[in-house]
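Read the structure below first, then the notes.
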Amino acid sequence: MTTRLTVSLTRQDGQPGDGNSAATCQMEIDIDDEVNADAGRLSDRLQQAFAVCRRQVDRELASRPGDIVENRHARSHAGSGPDPRPATEAQVRAIHAIASKTNTRLASHLDEVYGVSTPQRLTLKQASELIGKLKEQLVH
């Protein structure tokens, strides 16, 4: 038996002189009982679905004339105002080194979790968070 879940994400952005711009992504995913019974696997599937929706909403908003969406996802995770500090060179080097040791597919992880294509596009806070998560994988 399967369970059908609906994942929905809406983002509304104020546009200078133009009012607001909004985009919504909604998708249904089927979860089999085995995944539904495993909280970790269920959480992973939901995170993946939301990551897809975030990317699609960002693309939609970016495709509209006058909209600037670059790295909005990163700013929403940073929680440090409109212009968070970028990751340091030392953090970027550490991310590459630890990801290599843990055999982490860095590009897909960055895109799915943070909505960026390279570690250089992470904020200082996100880079620190990612380094901590990667280090945890070294211990296990």
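Only one of these is out of contact with any His (no Cβ under 7 Å at 6 or more places or on another chain), under 19 Å from LEU9 (Cβ atoms) and either modelled with pLDDT of 85 or more or β-branched (Val, Ile, Thr) (or both): GLN91, GLN120, GLN47, GLN137. Name it. So that I can check it myself, show each step before the final result.
Values: GLN91 fails: under 19 Å from LEU9 (Cβ atoms); GLN120 fails: under 19 Å from LEU9 (Cβ atoms); GLN137 fails: under 19 Å from LEU9 (Cβ atoms).
Answer to the check: GLN47.
Residues in the range 121-140 that are surrounded by 14 or more Cβ atoms within 10 Å (Cβ to Cβ), assigned to a helix (DSSP H, G or I) and in contact (Cβ under 8 Å) with a residue 12 or more places away in the chain: ARG121, LEU124, LYS125, GLN126, ALA127, SER128, LEU130, ILE131, LEU134.
The values are calculated or read from the model by the stated rules, or taken from the named source; none is laboratory data. As the structure is a computational prediction, the values presented were derived from the model and not from experiment. Because the Cβ atoms are built from the backbone with ideal geometry, glycine has one as well, and the counts that use them run over all protein chains shown.
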